[in-house]
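The values are calculated or read from the model by the stated rules, or taken from the named source; none is laboratory data. Remember, it's a predicted structure, so these values are computed and weren't measured experimentally. Backbone-built Cβ (ideal geometry, glycine too); neighbour counts: all protein chains shown.
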Ligand code: 0RA
């Protein structure tokens, strides 16, 4: 007892020291991890993961195991060298210093490219300070060593355990509920950061285990695999061009592949941290791309007039690319607070040169693919020039014809867009009924007849010539293409109303594609909706009920004792009269609308590409799989 209490006493003195060291972290956690919400919570786990990733980048670890445990703790284990456990000159083990000293800077083994540094690189000690408890187990020098901490304070020195031959580090920690507003792990966030890291570090294998079991993330091809993944649902125009180079204080890898679509997907990373706002490395990438394209265009005799008109945007139509630069932690510069935009000036020239030379070589060695890419780019240029002319014509036409609004539009009286609704309705007859059922004060009606143009792969020049889309663009009032101005949008509720059948779903999808591609902000702001007309009318005696799906119909029947019911299945909007349409689908007091959101832009993009692209078998498979949700959940 006496010796135990003596030990406790001796640790109390040190406890105070440790506490003093980590006190600022517990006092102002936000200063170290940004926030104490879910975002801050997840910084803890990425910090620990990135320490293992550093060990992999230094070529000492090949596998990382992450588990989310039933008690809310998380474990990160690697097969690296193991954190050194030998005593530092201060008499404390290197392991304990790592876990208790703020910015135990430079760490020990020093790999040049600490992945996390400069961004979240706060060190394991911060995670330790913000954990109810943390346990670290090191396998090294032929033994297991274990040390436990509470809120950053060691319970004892590292304890030597059983003899074994392997090496590695395993950290388990329980985030402190007193610090965080939530301590629930979000698997998607963790999975995404693991997947990114697995893609960026070719050959590193991750395992993520939770109550649903283990999942492995391993991509032999590194960023080439990531580009292949991003393009997996698309028709590609070239092989993946891959180039890499190591400089003195910077290294870069780039993978590039064109597809036949119109979108641009360029992901950039600095030391495995995603830089969604780009920065100097991305600017360098664009410069290199434009120069290589221009030079090759000259070489194959594209006219001077076109070459001079090629814009950066044209070179990136259908471009999928991943750009990964590594810069030593202590010289990374990010712009301002957000830390999502790289600012190192040397990155620009370095990446520009790498991309230029890489593409020059690729074009030279693969003339038929190069020609295909150049054809696509020059087509984009020509279409852009044609669209500008056509768009000007559309706008002029609008200005010339009085109010300029399309003849088919039954507009509302309200002029404030905040209170105005536009119903885009399939078929003239349903639109006629809706005109009878609307409240003309604030509800406008625009009929759309049949299938509209598939805008997934149409250039703007074709779109503005397509009569019904032109009418829609003019009715919206916000312009089109590079002139979109949402301040001029005439309605803040745009409601697509189609029949509840296959054709109706198709038309709704085409319209959603149109908005997603040309007015993404309308979707982002939550202005786009689907109307949900009922599927059944159930008449029981004098009472009328509307059912919006099979279950509701059954419910109505059961709750009325399955009495004598007349059931009408609406095959289309046209079968309802104006009152019914108003009561079930249009009246804000009674209707249900499905708001179209962009939950996950990339996912949505993929769904649209699959639904609207040319890969018919793929589309069929998708529709069969998701038919039930296609209308509701996109
Ligand atoms: C410094 C030196 C050495 C290993 C590590 C750090 C190390 C740290 C972490 C953090 C998570 N996993 C880790 N694995 C290793 C070893 C130096 C040597 O053995 O020469």
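Some observations on this one:
- Condition broken by residue 106, with the remaining ones in (1) in a loop (DSSP other than H, G, I, E, B); (2) in contact with a strand residue (DSSP E or B) (Cβ under 6 Å, 6 or more places away or on another chain); (3) within 12 Å of the ligand (Cβ to nearest atom); (4) modelled with pLDDT under 95 satisfied: (2)
- Hey, residue 511 over 41 Å from the mean Cα position of the chain (by Cα) and in a helix (DSSP H, G or I) or not: no
- Any hit, the stretch 436-449, residues being modelled with pLDDT under 95 and at positive phi: no
- All of (1) modelled with pLDDT of 95 or more; (2) within 12 Å of the ligand (Cβ to nearest atom); (3) over 21 Å from residue 74 (Cα atoms) hold for residue 141 with one exception: (1).
- In the stretch 537-634, counting only helices (runs of 4 or more DSSP H) that sit wholly within it, the ones holding 3 or more residues that are modelled with pLDDT under 85 span 601-612, 616-633.
- Selected residue (criterion: surrounded by the fewest Cβ atoms within 10 Å (Cβ to Cβ)) from residues of the stretch 70-85 that are more than 6 Å from the ligand (Cβ to nearest atom) and part of a strand (DSSP E or B): 75
- Residue in the stretch 30-45 that is at pLDDT 95 or above, buried (at least 21 other Cβ atoms within 10 Å of the Cβ) and assigned to a strand (DSSP E or B) present: no
- Filter result (farther than 22 Å from residue 66 by Cα and out of contact with any helix residue (DSSP H, G or I) (no Cβ under 9 Å at 6 or more places or on another chain)) within the stretch 148-163: 159, 160, 161, 162, 163
- Of all the residues in the stretch 216-242, those that are part of a loop (DSSP other than H, G, I, E, B), within 16 Å of residue 265 (Cβ to Cβ) and more than 19 Å from the chain's Cα centre (by Cα) number 4.
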